[in-house]
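The values are calculated or read from the model by the stated rules, or taken from the named source; none is laboratory data. Remember, predicted model here, so these are calculated numbers, not experimental data. So basically every Cβ, Gly included, is an ideal-geometry build from the backbone, and we count neighbours across all protein chains shown. Remember, those area values only see protein heavy atoms, side chains included, never the ligands or the DNA or RNA. Shrake-Rupley method; radii C 1.70, N 1.55, O 1.52, S 1.80 Å.
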Amino acid sequence: MRAAVLIQRWYRQYVARLEMRRRCTWNIFQSIEYAGEQDQIKLYSFFGFLMDHFTPASRNLISHIFRENEICRDSEWERYFCYKGIEVPDNYTGPHLTFPITFCGVSKLVEAFKQKQQLHARYVLQILGETWRLLRILPNINYVSVCHTKDITICGDLHGQLEDLLLIFYKNGLPSSEKPYVFNGDFVDRGKNSLEILLILFGFLLVYPNDVHLNRGNHEDHIVNLRYGFTKEILGKYRVHGKKILKLLQKIFSWLPVATVINEKVLVVHGGISDSTDLNIIAKVDRHRYVSVLRPPKMVRQALNDNKTVDCRNGDAGGPEEGRRRVRSLTDHSSATAQRSNLPRRSLHNLPISNQSSCSVEDELKKRRRLAGFDQSYREMKTSDSDSDPEFGETTEKDGNEWKQIVDLLWSDPMPQNGCILNEVRGGGRYWGPDVTEEVLGRHNLQLLIRSHECKQDGYEFCHNHRVLTIFSASNYYEVGSNRGAYIRMGPDLVPHFIQYQASRTCRELTLRQSVGWTERSALRALREQLFVHKSDLISAFQECDPNHTGLISLRNWASATESVLKLGLPWRVLRSQLVSRTQQGMVDYQQWIRELSITEPKLEVSDTSILETMYKNHSNLETIFRIIDTDHSGLISFEEFRQTWKLLSSHLEMEISDKAIADLAQSIDFNKDGSIDINEFMEAFRLVDLSAHTWQPETGAVASPV
C-alpha cells in the first residue's frame, strides 16, 4: 500500500509538472500571437494618421486600402463578378461545376480539395458571385430553430486548416437540411487552404441557405489578411485572376452576418459582447459598410467634375496605439479618434509649401508632423490653428456607436472579474466580465453565449458560470500537439455536447510527454527569436541593472528587464531554466547569454547594421507595407518603392534611417540585379535560423524544423 501511494504521488507530481510546462508553452504562443495583432492595428492606425494629416505624395502609397470601403452601386459590382470571358482549357483536370450548384457539385468539390486539386478561376468567380447575391438578402442576425428531429452543429475558428474541416465532415456528416451547421468566423488566414474552406462553405450555403449559417470573424477583413497570409495565398494560387478574387472577397466578407441566435436562447458570435451590446441596434446596422472594421466610417465628401459634391461612406479613422501590451482599444472613447475631432486640421490645399508632390517622404513626414501640431511623435497631439480638411469628414455619433457594436462582436474576449474594460492585449474590442454576461443575456432573454476567437487547449472552455462557451475548431493551431480542435452538437434542449479531435496523425501517435516536449521546443524557438531581435534593447536594459559594469545581473533583474523590453507578460522567472543555461551563484552573465541564443542572421553587406535589427523586429510590418504598396500584386517593388516603404516604417517607429543605408540594403538583396526586389526573396533573405532546431530530439526521434 505504501509503495502504491508513493507511485501515485510521484505520478501526480509528474503530471503536474507536465501541465505547468504546457501552460507556460501556451502563454508563450498566445502572447506572441496577440503582440502581432497589436502591431497590425498600430500599423493600420498609423496609415490612418497619414491619410488624415499628410499630403497626397505620401497618401498615394496607401490611399487605396482606405478606398475599399466605398459603397458602389450593385450594378457596378456585377461587372466585377463577370466570369463569362474566362475559358476553361481542355487540359484542366480539376472539378467541373454546373450552376445552380447542387449537393453533388459541392460533394465533388470537397473530394477534389481532399485530393489537393485546384478549382478553376471561372468556377471560383461563379461561386463568389452567387454567394454575394445570396448574402445581400440575409439579415445581420440569423435566427435558427432546432426541432426534435435534428441537432445543430457549431464550429469555431478554422483558420485555413482544411484537414480540420474535412475531419469534422467525416465524423459529423456533410451539411444538409437534416444536419444544419453554424460556422463561427475566422475561416481564413494562417493556414494554407483558406480559399478551399471558403469555397466549400459558400457551396453548402448556396445549396442549403436555411441550414448553413456563416458568421463573420475578425479575420474576415482585408487589412488583417495582408498580414496573416490569406492575401499571399490567393495571389500564389491565382496569378492571373487573384487580384479580382481578392476584391470580390473583400465585398463578400462585408456582407457576412455577424451573429446567429438558436431557438431565441443561444447567441453565437465570433468574439463576444460588451456592456453596450444591443442586438436591436446590431440588427439594423448596414453591415456592408464595414469592409474593414479596423477604422470607423466617416462621411467623405468627394468633389465631382461639375463642382458638385456627394456624400458616401468610407471606412476610415481610428487612432494611434500606445505600447505593445498597453495599447488603446479600437473602441476607446478617449482614443485619437476623439482627439482628432477636437484637433483643427490645416487644409492641404492652402499650405505654404511649394512643389509638394516632389517632396521626399522623409521631409514631408517631418513638415506634416509640425503643421499638424505634433512634436517629433505622431502620438503626441497638440492643438494648432488650421482649417478643416475638405477631403475627409468626421464620424457621426450614430456611426461611431454602430461601429463599436460591430468591433465588440468581432474582437472582444471574456475576463474572470466583473466589469467591462478595453481589450489592451489585442488592441481591439473589450474585455467583459460575468456581470456583463448576466446583464446582456438577461436583457435579451438569452441563456447561453457561444463564441470563438481564442484558441483553447481542449478545443472548448466554459466561463462566467457556464453562461459563456468558447469553441475553437483548428487543432494543432500553434504547433503539432499544441491543442485539440472541437465542435458542438446541440439539440432542442440546448445542452452543448462536445466532440474533440486532432487532425494530425503524427500528434495522435505521440505520448503526453512527447507532445508537451514537441510544442515546448517550438514555443521556446519562437521566444528565442523574439529575444534575439531585441538584443540591443535587452543589453541596454541589463546594463542599467549593472551600474558597476560587472557583466552580471541577478535573476530577478534579468526577468524584470526582459519583460520591460518584450512586454509579453510572461513568467520569465519560471522560464529561466529553459532560457538561461548557466548562472554564477544566482547571477546571469548577460553578454554570454545573448551569445548563446543560437540564432544566426543573414550576412548582408550594409553600411548601417541598425537597419538589420529594425528588419528583424518588424518583419511582419514590412511585409504588410510591401503588399500594400505592391498595388498590382506583381510581387515586385522598385528601388524607389522600397525606399518609400522604409521611410513609412521609420516614421511609424520614430527612428531615422539614412537613404544610403536603404540603398545599400536594396542592392544587397537584389540578387539578380534587375533593379527590383522580389517580396518573397526579401522576406526569405531576412529569415532567422535557430541552430538548436536542427539538433536530434530524443523524445520524438526526429529532427526539428528551423524557425
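Please find the FRET efficiency linking N172 to K114, where r is the Cβ-Cβ separation and R0 is fixed at 22 Å, and quote it to the nearest 0.05. Computed FRET efficiency for N172 and K114 comes out at 0.85. For K84, project a label point 7 Å along Cα to C-beta. Then give me every residue of the stretch 129-170 with its amide nitrogen under 16 Å of that point. Hits in the stretch 129-170 for K84 at 16 Å: 129-130. For the pair Q543 and R2, a Förster radius of 56 Å applied to the C-beta separation gives a FRET efficiency near 0.55, rounded to the nearest 0.05.
As a calculated quantity, the FRET efficiency between V240 and S145 at R0 = 35 Å, using C-beta atoms, amounts to about 0.20.
With the whole protein complex present, T519 retains an accessible surface near 10 Å², based on a 1.4 Å probe. Applying both filters, DSSP loop and at most 10 other Cβ atoms within 10 Å, to the trypsin sites (Lys or Arg not before Pro) of the stretch 108-214 gives K116.
Ranking of T277, T583 by solvent-accessible surface, largest first: T583, T277 (1.4 Å probe, protein heavy atoms only, all chains present). For the stretch 174-181, putting each phi into the Karplus relation 6.51 cos²θ - 1.76 cosθ + 1.60 with θ = phi - 60° gives couplings of 6, x, 6, 5, 8, 9, x, 10 Hz, in residue order, rounded to whole numbers and with x for Gly and Pro. With the simple spin-label model, which puts each label point 7 Å out from Cα in the Cβ direction, the V574 to S638 separation comes to 5.3 nm.
Ligands, DNA and RNA left out, the accessible area of the stretch 404-455 computed with a 1.4 Å probe is 52% carbon and sulfur.
Accessible surface for D659 stands near 80 Å², nearest 10, in the context of the full protein assembly shown (1.4 Å probe).
Dipole size of the stretch 450-546 about its Cα centre, with +1 on Lys/Arg Cβ and -1 on Asp/Glu Cβ: approximately 440 debye, rounded to the nearest 20.
Checking every one of the trypsin sites (Lys or Arg not before Pro) in the stretch 200-293 against DSSP loop status and a limit of 11 other Cβ atoms within 10 Å picks out no site at all.
Taking label positions 7 Å along the Cα-Cβ direction at both Q591 and L134, the computed distance is 6.7 nm, reported to one decimal. Rolling a 1.4 angstrom probe over the stretch 94-236 with all protein chains present gives an accessible area of which 52% lies on carbon and sulfur atoms.
Taking amide hydrogens as placed 1.01 Å from N in the peptide plane, the amide H of V144 sits under 5 Å from those of V261, I262, N263, E264, each at least 5 positions away in sequence or on another chain. In this label model, I281 and S536 are separated by 4.5 nm, measuring between points 7 Å along each Cα→Cβ vector.
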